[in-house]
Amino acid sequence: RRVHGGPLSHCCDRMAANAVAEYLTSAAVAVDSRLHATEYIEARLASLPRWQVALVGALLWIVASWVFSVVFHRVPLTTRVRRAFFRFLRTNKVTAAVIEAQIESQLDKMTLPFGSSDQEQSLHSLPSSGLSRQSVVKIAKERAREGHFDWKAGRASGAVYGSGEDWTEFMSTVMEEFLWSNPLHSDVFPGVRKMEAEVVSMTLNLFHGGPDSCGAMTSGGTESILMAVKSYRDRALDRGITAPELVVPASAHVAFDKACQYFGVLIVHVPVDPVSGRADVRAMAAAMTANTIALVGSAPSYPHGVIDPLEELSELARKHDVGLHVDSCLGGFLVPFAEEAGFPLPLFDFRLSGVTSISADTHKYGYAVKGTSVIMFSTHALRRYMYFVQASWSGGIYASPSLQGSRCGAVIASAWAAMVHLGRKGYVDRTRRIMTAAKRLEAEIKATPGLFVYGAADTSVVAWSSNVFDIYRLAGELTKRGWNLSSMQKPPAVHISITLRHTEPGVIDTLIKDIKQVAATLIASGEGPADGSASAVYGMAETIPDASLIASFAHAFIDASYRVDTRVKAHVVE
């Protein structure tokens, strides 16, 4: 103003002065109101005995705490109200009967994967004198042949990764030596202990672990993820975080939801990029709070097979000093060999300084027998949070690295044998065959009228949908043709995880032909695309048309899987 003095400056001064005067007046009124309110409250309390004042104060504190816990509960209020409402419906006799009838109807429409319902071969109690070994083997072979899908001919998505008569014989020969071994007793079975240590070490080498990196073997990808979340939670507790939160892209594996439910961690789902299907780093950054204990990225994701922007997530994790878990359970024994196989990928492992843990399943593309995975940590200090130790038990000091106590040494031996036998060259060759098949299928689907590919087939998973017809109809028609693909949801899609079986001559050719034929038929029918109201069943081609029945249906579905005679209607809604 001093430099540019004039009428305009004087006008601005007057406006500023008026604004300040108005602010001071309103502030004075507010202060005066608070003083009057304080005097009124003091006058009212002065007429009450002290014990009543204390009682009223305590009651007000209790009510305020209750309101705060309801409004700011870790589970949203709307979710809790919805749960309470459906709990009421399930316990009411009239509505429960209606719900049960609807569930029966849905289960009847599905191709339940429970095998034979031959009552003559159903065992409800122990045989009185036992069956002969020949009879037991005969029944076992018959049970092994049950099922509607010829997975040996490559008709299933994922499910079986390492197979073939020669490989089966090799695995069986190695495992036979360790059928009765238990790594919990490492002094009794030191050979299994060494095998496990070598599997972990070789896997760390594949993921460029540093000198302080370490890991352990688990029973599968879910347990590896559980152990990672437990480690981050316990470290957070040591750091003074009592309400830990895990920020994940919506495409992250459901095992993270299970881990958070088990360990009392709030999981924050962040929508992925709608075009690429990859994690939205900016949205994940916005979702972080002072209680965030770790971020999650996939290499690749299960639904759409894309690799998240892990370099950006690594920088975000480093900036906020939180963990970053890379879920490579599905592609853990593909991504380390992809570049050498002719398919370069962005960095995905401990070469990124923000990556603090990685999970990789040896029983998928590692070609071991089911029941093994590796969880890796960037430091020994972080791995120790995974351990369980009880020093005061009357049975002695008990310590275990993961959820299991006793473990089967035979499956560990199978992972060791697969890795040592295949070597780097063997894995590179298999990776090349699988990723070549995936890229070919991706290109053919893109060229098919009415279909589009979600994201990209970064490794072995190809996911596709349609804006022209109901993609679940396509999945159903392919099921009739003997294919067992997996249905996705939110958004509706179908995917296949390519395995060695699909690289056999003619398998992909037949799948492409069937997809094109079914797509053409559905386009000609004139039906519109899926409206998103149906819900897909994990790992299957099945869907549930009525989304409101999801929880009840899922419970009944699991209950049904434990029925000896699958013809018996026993879908009890509790």
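Some notes on this structure:
Condition check ((1) in contact with a strand residue (DSSP E or B) (Cβ under 9 Å, 6 or more places away or on another chain); (2) surrounded by 19 or more Cβ atoms within 10 Å (Cβ to Cβ); (3) at pLDDT 75 or above) across all residues:
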{"position": "S486", "(1), (2), (3)": "yes, yes, yes"}
{"position": "V494", "(1), (2), (3)": "yes, yes, yes"}
{"position": "T510", "(1), (2), (3)": "no, no, yes"}
{"position": "V518", "(1), (2), (3)": "no, yes, yes"}
{"position": "V537", "(1), (2), (3)": "yes, no, no"}
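- Boolean, I412 is touching a residue at least 40 places away in the same chain (Cβ under 8 Å), open to solvent by less than 30 Å² (accessible area, probe 1.4 Å), under 30 Å from K490 (Cα atoms) and among the hydrophobic types (A, V, I, L, M, F, W, C): no
- Test: residue in the range 339-346 that is within 17 Å of A216 (Cα to Cα) and open to solvent by 10 Å² or more (accessible area, probe 1.4 Å): no
- If you go through the range 271-288 and keep only what is under 19 Å from T356 (Cβ atoms) and surrounded by fewer than 24 Cβ atoms within 10 Å (Cβ to Cβ), you end up with V281, A285, A287, M288.
- In the range 276-302, the residue that is farthest from F377 (Cα to Cα) out of those that are over 14 Å from the mean Cα position of the chain (by Cα) and in contact (Cβ under 8 Å) with a residue 60 or more places away in the chain is S276.
- Look at the range 505-527: where a residue is within 15 Å of A447 (Cα to Cα) and a partner is at pLDDT below 95 and of a type in the set (D, E, K, R), sitting 6+ places away or on another chain with Cβ atoms under 7 Å, you get D514/R481; V518/E477.
- Exclusive hit being touching a Leu at 6+ places or on another chain (Cβ under 6 Å), aromatic (F, W, Y) and either assigned to a loop (DSSP other than H, G, I, E, B) or under 19 Å from G423 (Cα atoms) (or both), set F333, F337, F343, F348: F348
- Across the range 400-408, not a single residue is classified as open to solvent by less than 70 Å² (accessible area, probe 1.4 Å) and of a type in the set (A, V, I, L, M).
- Yes/no for K319 being in a loop (DSSP other than H, G, I, E, B), open to solvent by 10 Å² or more (accessible area, probe 1.4 Å), of a type in the set (K, R) and out of contact with any Asp or Glu (no Cβ under 7 Å at 6 or more places or on another chain): no
- Test for A447: is it over 25 Å from I550 (Cα atoms), without any contact (Cβ under 8 Å) to a residue 40 or more places away in the chain and not charged (D, E, K, R): yes
- Tally, over the range 178-203, of residues that are closer than 23 Å to Y161 by Cα and open to solvent by 20 Å² or more (accessible area, probe 1.4 Å): 7
- For the range 91-124, filtered to residues that are farther than 15 Å from R563 by Cβ and in a loop (DSSP other than H, G, I, E, B), the residue that is modelled with the lowest pLDDT is T111.
- Test for F207: is it at pLDDT below 90 and either within 32 Å of the chain's Cα centre (by Cα) or surrounded by 11 or more Cβ atoms within 10 Å (Cβ to Cβ) (or both): no
- Just one residue in the set S186, S135, S201 is among the hydroxyl-bearing types (S, T, Y) and not in a helix (DSSP H, G or I); that residue is S186.
The values are calculated or read from the model by the stated rules, or taken from the named source; none is laboratory data. From a predicted model like this one, the values you see are computed outputs, not experimental measurements. Reconstructed Cβ throughout: ideal geometry from the backbone, glycine too, with neighbour counts over all protein chains shown. Heads up: the accessible areas ignore ligands, DNA and RNA and are worked out on the full protein's heavy atoms, side chains in. Shrake-Rupley method; radii C 1.70, N 1.55, O 1.52, S 1.80 Å.
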